[in-house]
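The values are calculated or read from the model by the stated rules, or taken from the named source; none is laboratory data. Quantities reported herein were computed from a predicted structural model and do not represent experimental measurements. Reconstructed Cβ throughout: ideal geometry from the backbone, glycine too, with neighbour counts over all protein chains shown. Note: accessible area is taken over every heavy atom of the protein model, side chains too, but ligands, DNA and RNA are not part of it. Shrake-Rupley method; radii C 1.70, N 1.55, O 1.52, S 1.80 Å.
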Amino acid sequence: MMRLLAFFLALIVAAQAPALAQSEDPILVPDISQHEIVLRQGFTGANLLLYGAVLDPADSDAQYDVVVVLKGPSEPILVREKDRFFGIWVNSDDTAYRSVPSFYAIASSRPVLDIVDERTAAIYELGLDYLQLSPSGSIDPAEQQRFAEGLVDLRQRQGLYGQYDTGVEISQGVLYRADIPIPSNVVSGRYVAETFAIYDGRVISSATSEVQVFKEGFELGVEEAANDYSFFYGLFAVGLSVFMGWAAGRLFALV
């Protein structure tokens, strides 16, 4: 696989030789193993391979670090905190966020803070601790931090957020690859993979690729019905649940 990748990258370098000769900055050539993921019935997840090369026109011996970030479509979300009240868990405080990535995964050749400082990590959102979640309205900074940590922890447990500190493999100082697991509970939409080449603590080059995640067939029909006819869909879901409960009760009564 890596030899084949090196061959194709050599062709790309040859085609871009005039442009590379005029630039001293390294060039990122990224790609993804699949640009479409279909959410069908029985979908149990996928493994996305992000790979490519860091091409150095100056032909120096510089050793670059590579960080890959994959983000899903953003969505507004309301986060509620639960407290125990007389032995019962009830909703207490809550806060709303305008824009939260539905999926976020980062893989790097080394731990992020070994590659860049905290300021650079915050600018490029490199790491779960540096996600910019955009809360709605004013909120105490300490409370905002608590809610943000709770949201990130919840999505980590759901498999929707992940950080892989040594998830990028670099071969011969040029080729890189990273495997990002995609869980079965991802949402449909446009996913953006951004790759960063970093040297001496500075982001010196970046490139993006896209992945489309979508439903088709029966799953798409159910989603469209739920969105377009939400009231009748809700009635049908409740009626189906009541019928299944009644049918199960009758079945066990006959046994």
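Filter the range 177-214 down to the residues that are part of a strand (DSSP E or B) and open to solvent by 50 Å² or more (accessible area, probe 1.4 Å) and list them by number.
Pass one, the range 177-214, residues part of a strand (DSSP E or B): 177-182, 189-199, 202-214.
Once the filter is applied, which keeps residues that are part of a strand (DSSP E or B) and open to solvent by 50 Å² or more (accessible area, probe 1.4 Å), the range 177-214 yields R177, D179, P181, R190, E194, Y199, R202, S206, T208, E210, Q212, F214.
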When you go through (1) at pLDDT 85 or above; (2) surrounded by fewer than 12 Cβ atoms within 10 Å (Cβ to Cβ) one by one for S92, which number turns out not to apply? (1)
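Would you check if there is a residue in the range 39-46 being modelled with pLDDT of 75 or more, polar (S, T, N, Q) and either open to solvent by 40 Å² or more (accessible area, probe 1.4 Å) or in the same structural domain as S188 (by TED's automatic domain parsing) (or both)?
Quick first cut of the range 39-46, residues modelled with pLDDT of 75 or more only: 39-46.
Filter once more, keeping what is polar (S, T, N, Q): 41, 44.
Now restrict to residues that are either open to solvent by 40 Å² or more (accessible area, probe 1.4 Å) or in the same structural domain as S188 (by TED's automatic domain parsing) (or both): 41, 44.
Yes, there is a match, as at least one residue in the range 39-46 is modelled with pLDDT of 75 or more, polar (S, T, N, Q) and either open to solvent by 40 Å² or more (accessible area, probe 1.4 Å) or in the same structural domain as S188 (by TED's automatic domain parsing) (or both).
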Check every one of the strands (runs of 3 or more DSSP E) wholly within the range 98-176 and list those with 2 or more residues that are open to solvent by 60 Å² or more (accessible area, probe 1.4 Å) and assigned by TED's automatic domain parsing to the domain that holds S188. 161-164, 168-171
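Here is a yes/no grid of residues against (1) modelled with pLDDT under 70; (2) touching a Gly at 6+ places or on another chain (Cβ under 6 Å); (3) of a type in the set (A, V, I, L, M, F, W, C); (4) surrounded by fewer than 19 Cβ atoms within 10 Å (Cβ to Cβ):
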site	(1), (2), (3), (4)
M1	yes, no, yes, yes
A10	yes, no, yes, yes
E36	no, no, no, yes
A53	no, no, yes, no
D56	no, no, no, no
Residue set E118, E75; condition modelled with pLDDT of 85 or more and out of contact with any helix residue (DSSP H, G or I) (no Cβ under 8 Å at 6 or more places or on another chain); output residue E75
